[in-house]
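Following: one structure in structure tokens, then a few remarks.
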Amino acid sequence: MWVDINAYVGNWPYKKLKDSNLEGLLGRMDRFGVYQSVVANLNCLFYKNTHTGNEELFEELQHHKKNNNRIIPFAVINPLYPGWKRDFEKCIDLGAKGFRIYPQYHDYLPDDKACLELVNMAAEAGLPVGLTIRMVDSRQRSWLDIDHVAGTSKGEWSLRNFIPLLKAAPNTRYLILNIANGLGVNAEDVALLKNDNVLFDTSGRSLHHMPDILKQFGPEKFAFGTHSPILDYLTGMLRIESMADSEADSTVKNKLRYQNAQQFLALKY
């Protein structure tokens, strides 16, 4: 069995995505034996009011009620948007199981006051927050896509950009997703990332040699994730399945396949 902690529905303005609705996602899940997926709506990144995209996701869920236990909906909140606190409460009422934030696309830094308030509210509600290191490879970006990050020089973010947030709000549970541009953090930050409140997914290109990374952080720190439909559906899975038994036995692989996600998100089957 598998649990995917990083999936989407919705559209990407600069790239055609295949089967980017719940029906398409459920089809992929059935094909590859994935029982549950954490899902957010890509449209939220580009709507002025992100909550419109959240409402789209929950409306689509109404048409797939028989599969509702398989879809774990995460809402997207922009803490700079007026009325975001009201939208936060609405999302909880609608059944959101967590939140995702996109500072790069909504033009703020992770340790800005409003962002800290949001993630602390999530902690108080007992809900995790998803942090996406990279959405798309900037080498393939449209000229209309973002070419900067707030308050920094041009270029993609790395894991280090989110360290100030983890330090400032350590009681929040974080999913760290699509790790690109390296795991270059110092010893103090490694200790921070080993905290029980942090779980990485397996979709990012920086996880190209999982055995070494498991030794550094521990097998409890990772869970299967796809970043689909932007990335392919299998790379995150193959990073787990390609390890030899001497590198990760069946007990470790089951943690990565579904058990770590189940425990971290308190999922019910």
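Any chance you could count how many residues in the range 139-155 are among the aliphatic types (A, V, I, L, M) and at pLDDT below 70? Let's see the steps before the verdict.
Kept after step one, since they are among the aliphatic types (A, V, I, L, M), are these residues of the range 139-155: 144, 146, 149-150.
After this cut, where a residue has to be at pLDDT below 70 as well, the list is 149-150.
Residues meeting the conditions: 2.
Applying the selection to the range 244-269, what residues are within 28 Å of residue 188 (Cβ to Cβ) and either part of a helix (DSSP H, G or I) or under 20 Å from the mean Cα position of the chain (by Cα) (or both)?
Selection gives 252, 255, 256, 260, 261, 263, 264, 265.
Checking the structure you have, find out if any residue of the range 196-218 is modelled with pLDDT of 90 or more, exposed (fewer than 13 other Cβ atoms within 10 Å of the Cβ), within 30 Å of residue 27 (Cβ to Cβ) and out of contact with any Phe, Trp or Tyr (no Cβ under 8 Å at 6 or more places or on another chain).
Taking every residue of the range 196-218 in turn, none turns out to be modelled with pLDDT of 90 or more, exposed (fewer than 13 other Cβ atoms within 10 Å of the Cβ), within 30 Å of residue 27 (Cβ to Cβ) and out of contact with any Phe, Trp or Tyr (no Cβ under 8 Å at 6 or more places or on another chain).
For the structure I just gave you, tell me whether residue 42 is over 28 Å from residue 142 (Cβ atoms) and crowded, with 16+ Cβ neighbours inside 10 Å.
no
Quick one: in the range 59-88, which of the residues that are aromatic (Phe, Trp, Tyr) and out of contact with any Leu (no Cβ under 8 Å at 6 or more places or on another chain) is modelled with the lowest pLDDT?
Among residues in the range 59-88 that are aromatic (Phe, Trp, Tyr) and out of contact with any Leu (no Cβ under 8 Å at 6 or more places or on another chain), the one modelled with the lowest pLDDT is 81.
Looking at the range 223-243 only, could you name the residues that are of a type in the set (Val, Ile, Thr) and either surrounded by fewer than 20 Cβ atoms within 10 Å (Cβ to Cβ) or assigned to a loop (DSSP other than H, G, I, E, B) (or both)?
226, 230, 235, listed by residue number.
Restricting attention to the range 158-174, report how many residues are assigned to a loop (DSSP other than H, G, I, E, B) and either touching a Phe, Trp or Tyr at 6+ places or on another chain (Cβ under 6 Å) or among the hydroxyl-bearing types (Ser, Thr, Tyr) (or both).
Step one: list which residues in the range 158-174 are assigned to a loop (DSSP other than H, G, I, E, B), which gives 158, 169-173.
Filter once more, so that each one left must be either touching a Phe, Trp or Tyr at 6+ places or on another chain (Cβ under 6 Å) or among the hydroxyl-bearing types (Ser, Thr, Tyr) (or both): 158, 172.
Count: 2.
Select from the range 8-38 the residues that are within 20 Å of residue 254 (Cβ to Cβ) and not in a loop (DSSP other than H, G, I, E, B) and list them in ascending order.
29, 32, 34, 35, 36, 37, 38
Residue check, residue 212 against (1) outside any loop (DSSP other than H, G, I, E, B); (2) acidic (Asp, Glu); (3) in contact with a helix residue (DSSP H, G or I) (Cβ under 9 Å, 6 or more places away or on another chain), all met but one. Which one?
(3)
Considering 119, 136, which residue is under 18 Å from the mean Cα position of the chain (by Cα), modelled with pLDDT under 95 and under 26 Å from residue 9 (Cα atoms)?
Just a single option satisfies the conditions, and that option is 136.
From the residues in the range 56-105 that are in contact (Cβ under 8 Å) with a residue 60 or more places away in the chain and either of a type in the set (S, T, N, Q) or more than 15 Å from residue 7 (Cα to Cα) (or both), which one is surrounded by the most Cβ atoms within 10 Å (Cβ to Cβ)?
Across the range 56-105, the extreme among qualifying residues is 105.
Here is a yes/no grid of residues against (1) free of Cβ contacts under 8 Å to residues at least 12 places away in the same chain; (2) farther than 21 Å from residue 115 by Cβ; (3) not polar (S, T, N, Q):
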position: 134; (1), (2), (3): no, no, yes
position: 169; (1), (2), (3): no, no, yes
position: 174; (1), (2), (3): no, no, yes
position: 179; (1), (2), (3): no, no, yes
position: 197; (1), (2), (3): no, no, no
position: 207; (1), (2), (3): no, yes, yes
position: 230; (1), (2), (3): no, yes, yes
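The values are calculated or read from the model by the stated rules, or taken from the named source; none is laboratory data. Since we're looking at a predicted model, the values are computed, not measured. Note: ideal-geometry Cβ built from the backbone for every residue, glycine included; neighbour counts use all protein chains shown.
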